[in-house]
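Quick notes on the structure that follows.
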Protein chains: 2
Amino acid sequence: MSSRFEIRLAGSGGQGLVLAGVILAEAAGIYDGKFVCQTQSYGPEARGGASKAEVVISDAEIDYPKAIRPDVILALNQKSLDAYLGDLKAEGVLLVDADLVQEVPETGALSIPFTRLAREAGRELVANIVALGALAAITGAVSPEALKAAVLARVPAGSRELNERALEAGLAAGAKIMAAPRTTPSETGMGDQD
Amino acid sequence: MSSRFEIRLAGSGGQGLVLAGVILAEAAGIYDGKFVCQTQSYGPEARGGASKAEVVISDAEIDYPKAIRPDVILALNQKSLDAYLGDLKAEGVLLVDADLVQEVPETGALSIPFTRLAREAGRELVANIVALGALAAITGAVSPEALKAAVLARVPAGSRELNERALEAGLAAGAKIMAAPRTTPSETGMGDQD
């Protein structure tokens with residue numbers, strides 16, 4: 001990946017995206033040793049229940065801490081996809097929840113049932129951790145080891161096993177979607193990552 | 001307070017400053033309806049256990065999301081005070097843990113035993129919440145009602161009473177230190193807030 005790598009996580013309040021942003025940042029910054037800025041922004045729309053977190057990862061000091069043209073957008077609902085799709089870099093990765101996002105753009109998306117996988121792992125609440133696992137497997141933005149360390153350091157001690165299952169499910173789902181034969185890889189924006 | 005208000009929270013890892021930053025931002029952004037940017041930054045020093053979170057609050061959209069000349073610095077250990085004191089605005093508020101910061105600058109500081117008050121409330125772990133209460137009472141950056149709502153929305157359900165006690169202790173300590181007669185109020189940088 002290029003030196004500056006921008007990630008935007010978006011969905012509704014209660015989907016745990018702020019925590020996901022903090023975990024992703026700590027994985028990259030504390031455990032992978034990168035420069036990282038992690039940002040939440042709130043405006044008048046915050047009362048509407050929208051939630052957004054951003055992580056910028058770099059090998060060098062970061063001048064501007066917010067995502068300008070995200071390399072990755074994770075959208076856990078339709079509204080956030082519609083709001084942010086226009087910001088995505090031309091070759092960027094669009095990751096969506098397969099069940100919660102119905103309308104995917106013509107340019108395609110990597111669609112994974114994060115929430116369903118979380119339910120199967122034990123609780124829908126950990127869909128954010130499933131999504132982080134998939135994001136790591138697909139983009140390489142953080143190492144699986146760093147992500148696991150950051151997850152375990154942040155989640156309550158009583159829910160460690162649940163979160164480990166969620167992370168494994170996400171890593172596996174991400175690896176699987178990347179291994180699948182695709183006739184039009186460029187449509188997913190992942191052509192340069194093969 | 002002026003339209004753009006910058007807060008930096010600093011200490012060591014494990015003192016809960018990232019969570020404190022998230023709570024403060026959600027209090028101002030979701031419950032008080034302000035524009036807010038909340039940032040964590042990690043660099044090579046992150047492995048050393050330093051922790052820093054920033055919150056910028058404004059009545060208008062925020063252009064640059066990081067604190068440039070903080071209006072408030074909260075320092076929960078000596079190292080973070082030494083590292084960041086030079087950035088504090090001339091009339092800024094310096095808040096320090098009375099037991100964990102031994103050397104206060106000549107210009108003075110508002111010194112409150114956050115960690116001791118947290119212990120008395122039930123657990124040292126909630127020193128971050130005590131500090132947020134004091135910061136709110138002293139600066140008015142967020143309303144006590146918004147802060148309480150944000151705290152209760154973020155902390156585990158099982159620790160709500162503990163966190164409420166910590167918040168009340170912090171609000172009371174902040175109110176008390178502001179009410180105390182001071183012969184040299186300008187030394188604390190709070191002269192313009194009376």
| message | For the structure I just gave you, tell me whether residue B:142 is open to solvent by less than 20 Å² (accessible area, probe 1.4 Å) and in contact (Cβ under 8 Å) with a residue 60 or more places away in the chain. | response | yes
| query | Identify, please: which residue in the range A:63-97 is open to solvent by less than 30 Å² (accessible area, probe 1.4 Å) and in a loop (DSSP other than H, G, I, E, B) and is, among those, farthest from residue A:35 (Cα to Cα)? | reply | A:76
| task | Considering only the range A:7-23, state which residues are at the interface with chain B (Cβ under 10 Å from one of its Cβ atoms) and in a loop (DSSP other than H, G, I, E, B). | result | A:13, A:14
| field | Which listed residue is within 23 Å of residue B:21 (Cβ to Cβ), modelled with pLDDT under 95 and of a type in the set (Ser, Thr, Tyr), from A:2, A:58, A:51 | value | A:51
| said: Between B:62, B:68, which is β-branched (Val, Ile, Thr) and in contact (Cβ under 8 Å) with a residue 60 or more places away in the chain? | reply: B:68
| field | Filter pass, residue B:91 being more than 17 Å from the chain's Cα centre (by Cα) and over 29 Å from residue A:16 (Cα atoms) | value | no
| remark: Checked against (1) within 22 Å of residue B:174 (Cβ to Cβ); (2) not in a loop (DSSP other than H, G, I, E, B), residue B:37 satisfies every condition except (1)
| query | What do you reckon, is residue A:52 within 10 Å of another protein chain (Cβ to nearest Cβ) and basic (Lys, Arg)? | reply | no
| message | Looking at the range A:35-48 only, could you name the residues that are over 17 Å from residue A:22 (Cα atoms) and either modelled with pLDDT of 90 or more or within 9 Å of chain B (Cβ to nearest Cβ) (or both)? | response | A:43, A:44, A:46, A:47
| task | Of the numbered conditions (1) more than 14 Å from the chain's Cα centre (by Cα); (2) of a type outside the set (Phe, Trp, Tyr); (3) at pLDDT below 95, residue B:69 fails exactly one; give the number of that condition. | result | (3)
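Conditions tested, residue by residue: (1) closer than 17 Å to residue A:122 by Cα; (2) in a helix (DSSP H, G or I); (3) at pLDDT 95 or above; (4) basic (Lys, Arg).
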residue	(1), (2), (3), (4)
A:138	no, yes, yes, no
A:145	no, yes, yes, no
A:158	yes, yes, no, no
A:172	yes, yes, yes, no
| List, please: which pairs have Cβ atoms under 8 Å, are six or more places apart or on different chains, and start with a residue in the range A:112-123 that is hydroxyl-bearing (Ser, Thr, Tyr) and end with one that is open to solvent by 20 Å² or more (accessible area, probe 1.4 Å) and in a helix (DSSP H, G or I)? | A:115/A:124
| field | Residue within the range B:44-53 that is over 24 Å from residue A:30 (Cα atoms), touching a residue at least 12 places away in the same chain (Cβ under 8 Å), open to solvent by less than 20 Å² (accessible area, probe 1.4 Å) and of a type in the set (Gly, Ala, Ser) present | value | no
| note | Residue hits (the range B:8-32; touching a strand residue (DSSP E or B) at 6+ places or on another chain (Cβ under 7 Å) and over 14 Å from residue B:132 (Cα atoms)) are B:12, B:13, B:29, B:30
| Looking at this structure, is residue B:26 within 14 Å of chain A (Cβ to nearest Cβ) and open to solvent by 40 Å² or more (accessible area, probe 1.4 Å)? | no
| request: Please work out if residue A:69 is more than 10 Å from chain B (Cβ to nearest Cβ) and under 24 Å from residue A:149 (Cβ atoms). | output: no
| said: Please pick out the residue among A:112, A:138, A:177 that is at negative phi and in contact with a strand residue (DSSP E or B) (Cβ under 6 Å, 6 or more places away or on another chain). | reply: A:177
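The values are calculated or read from the model by the stated rules, or taken from the named source; none is laboratory data. Keep in mind the model is a prediction, meaning the values are calculated, not measured. Every residue, glycine as well, gets a Cβ built from its backbone with ideal geometry; the counts of neighbours run over all protein chains shown. SASA here: full protein model, heavy atoms, side chains in, ligands and nucleic acids out. Shrake-Rupley method; radii C 1.70, N 1.55, O 1.52, S 1.80 Å.
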